[in-house]
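So the structure is just underneath, and the comments pick up after that.
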Amino acid sequence: MDGFYYDLEAFGEELKNIRKSLGLSQSDVAEQAFISRDTLRKIENGKVIPKQETLDLLSHLYECKSIASSSHSQTRGTVPFI
């Protein structure tokens, strides 16, 4: 197996936990990060790999630099990009 595998579901769950710990709704985050609520839902459910710029915005919003650095992992299979 070449490359790395990253658990998108676990990553999405981590993002959801951070959002909830900050008391933010999906609508709050979507508006502040300039993404759709549907996009955020797909990220939190591990259905898509977010673009780097989306990770940067979420990182800034969540005040957590480790979110952006996680994006450098590769996944197996075809996963849609936002």
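The values are calculated or read from the model by the stated rules, or taken from the named source; none is laboratory data. These numbers were taken from a predicted model, which means no experiment stands behind them. Neighbour counts are summed over all protein chains in view; Cβ atoms, including those assigned to glycine, are modelled from backbone coordinates with ideal geometry. Each accessible area value is taken on the protein alone, full model and side chains, heavy atoms only, with ligands, DNA and RNA left out. Shrake-Rupley method; radii C 1.70, N 1.55, O 1.52, S 1.80 Å.
Does I43 meet the test of being surrounded by 15 or more Cβ atoms within 10 Å (Cβ to Cβ), part of a helix (DSSP H, G or I) and modelled with pLDDT under 95? Break it down stepwise before answering.
Working: surrounded by 15 or more Cβ atoms within 10 Å (Cβ to Cβ): yes; part of a helix (DSSP H, G or I): yes; modelled with pLDDT under 95: no.
Judged against the criteria, I43 is not a match.
Taking S66 and the conditions (1) modelled with pLDDT under 90; (2) of a type outside the set (A, V, I, L, M, F, W, C); (3) more than 12 Å from the chain's Cα centre (by Cα), which numbered condition does it fall short on, given that it satisfies the others?
That leaves (3) as the condition not met.
Based on this model, can you work out whether H72 counts as open to solvent by 70 Å² or more (accessible area, probe 1.4 Å) and either at pLDDT 75 or above or under 9 Å from the mean Cα position of the chain (by Cα) (or both)? Walk me through how you get there before you give the answer.
Values: open to solvent by 70 Å² or more (accessible area, probe 1.4 Å): yes; either at pLDDT 75 or above or under 9 Å from the mean Cα position of the chain (by Cα) (or both): no.
The answer is no for H72.
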